[in-house]
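Worksheet for the structure shown next.
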Amino acid sequence: MDMARIIDGKALAAGIREKVARRVALLKAEHGVTPGLAVMQVGDDPASRVYTRNKAKQTVEAEMASFKFDLAAETTQKDLLRKISELNEDSRVNGILVQLPLPDRIEEHAVINAIDPAKDVDGFHTINTGLLATGQDALVPCTPLGCLMMLRDALGDLGGQKALVLGRSNIVGKPMAMLLIKENCTVTVAHSRTRDLAAEVRQADVLVAAAGRPRMVKGDWIKPGATVIDVGINRVPIGEDEKTRLVGDVDFDEAVTVAGAITPVPGGVGPMTIACLLHNTVAACCRQSGIDLPED
Ligand code: GUN
């Protein structure tokens with residue numbers, strides 16, 4: 001049986017981080033500028049803890065300035081908005097990221113839209129989503145940007161491909177669809193209420209699965225030879241004891257026998273997200289400092 005090519009997100013992400021580090025060194029040496037990223041978390045969601053810690057760690061590894069704020073679960077929206085406004089004014093901070101989800105009593109849109117759009121390295125501000133949707137220069141959400149880079153690596157030009165995005169979140173599904181339209185794909189956005197999902201998926205040359213349901217996409221849903229990007233990170237139990245493991249939204253063992261190329265979980269999309277965040281921070285820094293993004 002033919003097996004799909006495995007798209008190595010870990011290796012691609014390492015390459016992006018190296019390029020980021022070279023650009024950071026150049027910005028320091030030639031312009032006396034050090035890009036800085038502020039990462040904020042409200043409350044102590046354990047998965048968010050891991051993500052924010054990794055974001056801060058990799059910021060430091062790229063020799064950028066890292067500012068980390070772990071705010072108590074009881075933090076009020078007013079206090080959070082005040083902190084964001086301080087960071088908006090702080091010239092050492094080029095990027096501001098508020099880890100989601102936020103506690104229920106805090107309005108997510110109010111918080112995201114309080115971030116200076118020029119510092120919105122998550123690309124979630126209404127200004128940046130609007131710029132992306134209208135094909136203008138924008139800060140682009142990190143996970144979809146990472147997915148696009150993997151697709152370009154696997155396929156080169158994406159023009160004319162039938163792409164299906166499974167999931168319609170603001171963080172992944174919607175911006176992913178916008179990026180694929182920009183790449184001249186024919187794009188379908190499917191979700192939990194889509195009728196005959198399997199039949200829709202079977203049409204797709206390119207599948208981006210971001211539904212948040214473990215191993216939801218079966219092998220016989222996939223068009224033979226298709227390129228499959230699995231955004232899911234689901235922790236599932238193995239056996240009877242406490243042990244768990246990470247699986248994607250795609251049944252990998254089945255899909256790998258049908259697809260042309262596929263991302264693994266872990267080691268696929270995951271590492272690309274933070275690499276793209278570091279890239280966005282350098283790009284935001286250059287833009288704010290009036291410097292052209294240095295090329296290699
Ligand atoms: N929660 C899950 N993904 C993300 C992300 O890309 N950015 C932020 N801020 N929160 C998230």
Do you know which residues across region 103-124 are surrounded by fewer than 22 Cβ atoms within 10 Å (Cβ to Cβ) and part of a loop (DSSP other than H, G, I, E, B)? Pro103, Asp104, Arg105, Ile106, Glu107, Asn113, Ala114, Asp116
Just checking: which of the strands (runs of 3 or more DSSP E) contained wholly in region 184-291 hold 2 or more residues that are of a type in the set (Val, Ile, Thr), closer than 17 Å to Gly173 by Cβ and touching a residue at least 60 places away in the same chain (Cβ under 8 Å)? 227-230
Identify, by number, the condition in (1) part of a loop (DSSP other than H, G, I, E, B); (2) crowded, with 19+ Cβ neighbours inside 10 Å that Gln136 doesn't meet. (2)
Residues in region 127-143: is at least one among the hydroxyl-bearing types (Ser, Thr, Tyr) and free of Cβ contacts under 8 Å to residues at least 60 places away in the same chain? yes
Does any residue of region 242-250 turn out to be within 16 Å of the ligand (Cβ to nearest atom) and not charged (D, E, K, R)? yes
What do you reckon, is Cys286 out of contact with any strand residue (DSSP E or B) (no Cβ under 7 Å at 6 or more places or on another chain), away from the ligand (no atom under 15 Å from the Cβ) and within 30 Å of Asp90 (Cα to Cα)? yes
Does Lys68 fit the bill of being among the charged types (D, E, K, R) and not in a helix (DSSP H, G or I)? yes
Hey, could you check region 255-290 for residues that are more than 22 Å from Val60 (Cα to Cα), of a type in the set (A, V, I, L, M) and surrounded by 21 or more Cβ atoms within 10 Å (Cβ to Cβ) and say which is nearest to the chain's Cα centre (by Cα)? Val265
On the given criteria, is Pro101 within 16 Å of the ligand (Cβ to nearest atom), in contact with a His (Cβ under 6 Å, 6 or more places away or on another chain) and either among the charged types (D, E, K, R) or closer than 26 Å to Val269 by Cα (or both)? no
Go through region 17-36 and count every residue that is surrounded by fewer than 21 Cβ atoms within 10 Å (Cβ to Cβ), aliphatic (A, V, I, L, M) and either assigned to a helix (DSSP H, G or I) or at pLDDT below 95 (or both). 4
The number of residues in region 170-200 that are out of contact with any helix residue (DSSP H, G or I) (no Cβ under 9 Å at 6 or more places or on another chain) and either within 16 Å of the ligand (Cβ to nearest atom) or of a type in the set (Lys, Arg) (or both) is 2
Can you run down the residue pairs with Cβ atoms below 7 Å, 6 or more apart or on separate chains, where the first is in region 87-98 and under 18 Å from Asp122 (Cβ atoms) and the partner is more than 16 Å from the ligand (Cβ to nearest atom) and in a loop (DSSP other than H, G, I, E, B)? Asn94/Pro35
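The values are calculated or read from the model by the stated rules, or taken from the named source; none is laboratory data. A quick note: this is a predicted structure, and the numbers were derived from the prediction, not measured. With ideal geometry, Cβ positions are generated from the backbone for all residues, glycine too; neighbour counts draw on all protein chains shown.
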